[in-house]
Structures are given as C-alpha cells and as structure tokens.
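Only one structure is covered here, and it is reproduced in the block below.
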Amino acid sequence: MGLEAPWRVDDALRHARSVGLDRLDALLLLGRALQRDRSWLMAHGEHVLTPEEVAGITFTFSRRAQGVPLSYLVGQREFHGLMLKVTQDVLDPRPDTETLVDWALEGLGQARPVEPRDPPVRVMDLGTGSGAIALALQAARPDWEVHASDASAAALAVARGNAQALGLPVRFHEGSWWDALPQGLRLHLAVSNPPYIRPDDPHLVALVHEPRSALVAEDQGLADLRALIEGAHAHLLPGGWLLLEHGHDQAEPVARLLAGAGFESIGHRRDLAGHTRCTGGRLAG
C-alpha cells in the first residue's frame, strides 16, 4: 500500500513488518505516536490515520530499522525498576549493567551507619551517563550518600533531570574519572561502566547511533579501565571496593590490573547471557 492511500492501524503494522521491525517495537512506537496503548491498537486495526500521523510513524519506523535504539526513539528506558529519560547524549542503559548494581548492593548490603551521627556509606558512579547506576543504588539504599560523575555536561544534564524526576538526592560532579571527585572525598565503593570497546571492534557498526566517547577506549579497550584502577588507591577508603563492567573477553586482564594495584578478594559476575562481564576487588586495608 502506498503512502498516498488512506492508512489504517493495521496498514502501519504491516509496513513495520515489511521494513524488518519487531512487532512489539512497532506496537510501542505506533502507540506512542497515537497516544494509545497496545490493547487499543489491537482492537482498532481499522482506525484511519491522518497524513501527518503516517508521515511521523513511517519516519520513526525507518529510524528504528536503521538501528536507532528504541529508547532514543521513545525517549526513555527502564533500568532496575526506574524509568529514565534517555537521549543520544548518553548510552542506552542495558539490562546487563543491572548486574553491576546488584553486585554493589550485595557487597555493601549490610553497610549502615551505626549511629545517626556517623558518616554515611559513600559510593560513586564514575561515568554515569543517564545516571542509571547511581540512581538505582540511591533508590535501593536511601541511607547511602551517592555521588556520580561524567566528563560530558550534556550527559550530566540528562542524569540530573532523571534524579529530579525520581526525587533521588544523588550528588553530581563534572569531570574525567577520579578528577571529578571533590577534594578529600573518600569512598567505600566506586562503580563504573566505562568505555571498553577496541577502536577496531566490528561490533561498533551496530552502535553507530550511540556516543562513541562512551564506548571506545584505546589500548585494546583497556585504557579507561586502567585509569580507574590505577587511580583508585587515592580515593577509596582502606577496604573500599571497586566494581567495573568490561568486555566479555577482558576479565583476566582487568583482574591482573586490580591485583597489581593492591586489590584483593578479586571476583567476577556474569551477565544475562552468561558472559563474565564485571570484575572487582577490595582495596587492601
């Protein structure tokens, strides 16, 4: 059916299928465009669309078919039970990164101030992007003092907006890795999902719509992981933890870097696909 003919809801879904879209993606995008839920779409297949609606819907379907992440097209993504605003200034938060949040909560799950006057547990998410990790930690542990940083002012604006929308008091800092920390701040826990993809990795073709600076690192993808590990000693308290997400084939080199920097109790966590995706350790006290 041509674009010049009257289109109905069912015609739009057939068009989505013809350009290779998953049906659930098509229903979500169409429902958002029409401000209708999925059940309405399924029950109103003969509803006629306006020319303006058709133009917008076909453009959005085309963008999705080109590989633009669904979260960028709808402007939001759920992460660890929180609904976050997402723009192309930040990475699309992946469900696999929830593994890092769960490990942090597990590792410091019993850490609480003994008395109200005692300082709180202090944690930091380095390279926060949309704020996903920091906000998930703060939501789960309101008694923690959670900090987050990013070198991108645009990314921090997204993260701050998410924190405000969720009513979560995360403290944000602009700067590169450890340089963003306020002077004298020492942490019980630092977490990060830094860039770790090699510049020549063929998977980058599928990630062309996401900010390259948040994906790619030199030195076989290890440059930023190395900077985080080597700089941690000056910013973690004795016995403090550093937990890092990395590539599926980087667990061993990251573990070696941690051991060389004085970390002990080094361990790993697997992602949803069973790949070793997170490595961390405790700074010797």
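The values are calculated or read from the model by the stated rules, or taken from the named source; none is laboratory data. What you see is a predicted model, and the numbers here were worked out from it, not measured in a lab. Every residue, glycine as well, gets a Cβ built from its backbone with ideal geometry; the counts of neighbours run over all protein chains shown. What goes into the accessible areas is simple: the full protein's heavy atoms, side chains included, and nothing from ligands, DNA or RNA. Shrake-Rupley method; radii C 1.70, N 1.55, O 1.52, S 1.80 Å.
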message = Name the residue that is nearest to residue 95 (Cα to Cα), counting only residues in segment 239-285 that are touching a His at 6+ places or on another chain (Cβ under 9 Å) and open to solvent by 50 Å² or more (accessible area, probe 1.4 Å).
response = 273
key: helices (runs of 4 or more DSSP H) wholly inside segment 2-55 containing at least 2 residues that are within 21 Å of residue 69 (Cβ to Cβ)   = 9-18, 23-34
Hits in segment 141-156 (condition: in a helix (DSSP H, G or I) and either in contact with a His (Cβ under 8 Å, 6 or more places away or on another chain) or at positive phi (or both)) = none
ask   = Take the residues of segment 26-75 that are farther than 30 Å from residue 90 by Cβ and β-branched (Val, Ile, Thr): which is surrounded by the most Cβ atoms within 10 Å (Cβ to Cβ)?
value = 54
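Condition check ((1) of a type in the set (Phe, Trp, Tyr); (2) in contact (Cβ under 8 Å) with a residue 40 or more places away in the chain; (3) out of contact with any Cys (no Cβ under 9 Å at 6 or more places or on another chain); (4) assigned to a helix (DSSP H, G or I)) across all residues:
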{"position": "59", "(1), (2), (3), (4)": "yes, no, yes, yes"}
{"position": "63", "(1), (2), (3), (4)": "no, no, yes, yes"}
{"position": "68", "(1), (2), (3), (4)": "no, yes, yes, no"}
{"position": "72", "(1), (2), (3), (4)": "yes, yes, yes, yes"}
message = Of everything in segment 77-93, what is open to solvent by 30 Å² or more (accessible area, probe 1.4 Å) and not in a strand (DSSP E or B)? Give them in sequence order.
response = 80, 81, 87, 88, 89, 91
inquiry  = Among the listed residues 175, 161, identify the single one that is of a type outside the set (Asp, Glu), open to solvent by less than 30 Å² (accessible area, probe 1.4 Å), at pLDDT 95 or above and farther than 26 Å from residue 251 by Cα.
reply    = 175
ask   = Being within 16 Å of residue 97 (Cβ to Cβ), in contact with a His (Cβ under 9 Å, 6 or more places away or on another chain) and either open to solvent by less than 30 Å² (accessible area, probe 1.4 Å) or at pLDDT 95 or above (or both), is that true of even one residue in segment 199-214?
value = no
query = Cβ-Cβ below 6 Å, separation at least six or inter-chain, first residue in segment 169-195 and farther than 22 Å from residue 279 by Cα, second charged (D, E, K, R) and open to solvent by 20 Å² or more (accessible area, probe 1.4 Å): which pairs?
reply = 172/160
request  = Taking residue 148 as the residue in question, decide whether it is in contact with a strand residue (DSSP E or B) (Cβ under 7 Å, 6 or more places away or on another chain) and free of Cβ contacts under 8 Å to residues at least 24 places away in the same chain.
outcome  = no
